[in-house]
Structure formats: structure tokens, C-alpha cells
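Chemist: Dropping the structure in here first, questions after.
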Amino acid sequence: MSNIHDKYRHRYYYKESYEAAIGTFAVAIVFLFVAILSLFFRTFNIPFIGLAWWGYWLFIPAFFIFIGGFEQLYRNYKYKQVVKAALAQRNFQGTYKLEHIALEIGMKPNVLQRVLVDLRNKGEIKYKFDAESGQIILGQTISYIPSTEYIPPPKKMDEPLPSEGKNFCVYCGHKLESSGAFCPNCGSKL
């Protein structure tokens, strides 16, 4: 066990983030809209807070924000390719610790988990988590069964959510069919 961690002790981790680019594109569209609106105000000589004279400068940040959004899309694509390559080496079959796969490819486990969820949601891979050990089981499918009692947790948490006496995962809302220490859908420790 420790020799695996020793092997990857000085492993490089990806520094860039894996996140949705939709927010970046939304901001770029707002900047673009205001810039176009300023041109409209300038054409028809509408003196709305001086937007006709300064608003067209927003084309410049809009351009760079769009570039940032496309960079994020490309970064996410690269992350997915790295994860799919690591799983292809395992023939998309078998049981593995998520941390070992993360160490091998140089990705933090929580980032790897988000990439795996995206790949599974797009139908590119199949997996579920072992409810007892928390290991990822490649090649097996799981159907998400939502719980009616589930309330999504806040984005930032100081400590784990209490899960005693609940028949669903407090992190993803998957209805649990049997007792176990881990959610078979998202792999969260219960």
C-alpha cells in the first residue's frame, strides 16, 4: 500500500481546474451585448449613461473572455482524454481504488471523480462504486434513483454531512438499496 504512494510521491498534479465553461461564456455574452447596445445607442444618439461613448470598448474584454471559455473547454477535453486513456489501459473492466488511478494520471481524486461523472453522464464509460469498500468497479452500470427527501448540499462545506438514518446519499441524492459505507453512484463516504 505505501509503495504505491511512494511511487507517486513527487507526482506532478494538473494545475488547471476542471470546471464548466458556461459561466465564462455567459459573462462574455453580457459584455458583448452591452458593447452591441452601445453601438445601437451611438447610431441613434441615445444618451443613456454615456454608454454610446464608452460601451464599445467592452468588445475587447468580451473577446478575451470568449478565448478563456474556449481554453476551458479544451482543458476539459484533455482531462477527459487522459482519464479515458487510463481506463482503456484497464480495458474498462475491474475494481480499483479511485486514489490509485488519480495518482497514476496526476489528478486529484475529487477532480477525477468529476471527470468520471461527466464521462458516465455522456455514456462514454460505465462504472459504479462498491458500497462496502468505495472502490470503483469499471464496466458495471448503475441507474440513478433519486430520493424524494434529498436536498442538495451547499457548494462549500466545512465538514462532512451527517448521513445516519437516511436511506439516500446526502451528496448526490441516490436512493440506497442496501447499507454500506459508500454511495454506489457518486462514491461519497456515508
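The values are calculated or read from the model by the stated rules, or taken from the named source; none is laboratory data. Computed from a predicted structure; not experimentally measured. As a convention, Cβ positions derive from the backbone with ideal geometry for all residues, glycine included, and neighbour counts pool all protein chains shown.
Chemist: Just give me the residues in segment 57-89 being of a type in the set (Ser, Thr, Tyr) and under 23 Å from residue 31 (Cα atoms), in sequence order.
Modeler: 74
Chemist: Can you pull out the residues in segment 30-73 that are polar (S, T, N, Q) and within 34 Å of the chain's Cα centre (by Cα)?
Modeler: Answer for segment 30-73, where residues must be polar (S, T, N, Q) and within 34 Å of the chain's Cα centre (by Cα): just 72.
Chemist: Looking at segment 30-110, what helices (runs of 4 or more DSSP H) fall wholly within it and have at least 1 residues that are buried (at least 16 other Cβ atoms within 10 Å of the Cβ) and touching a residue at least 40 places away in the same chain (Cβ under 8 Å)?
Modeler: Answer list for segment 30-110: 59-88, 98-105.
Chemist: Here's another thing I want to ask about it. Based on this model, can you work out whether residue 23 counts as over 14 Å from residue 136 (Cβ atoms), in contact (Cβ under 8 Å) with a residue 40 or more places away in the chain, loosely packed, with under 15 Cβ neighbours inside 10 Å and not assigned by TED's automatic domain parsing to the domain that holds residue 187?
Modeler: No: the conditions fail for residue 23.
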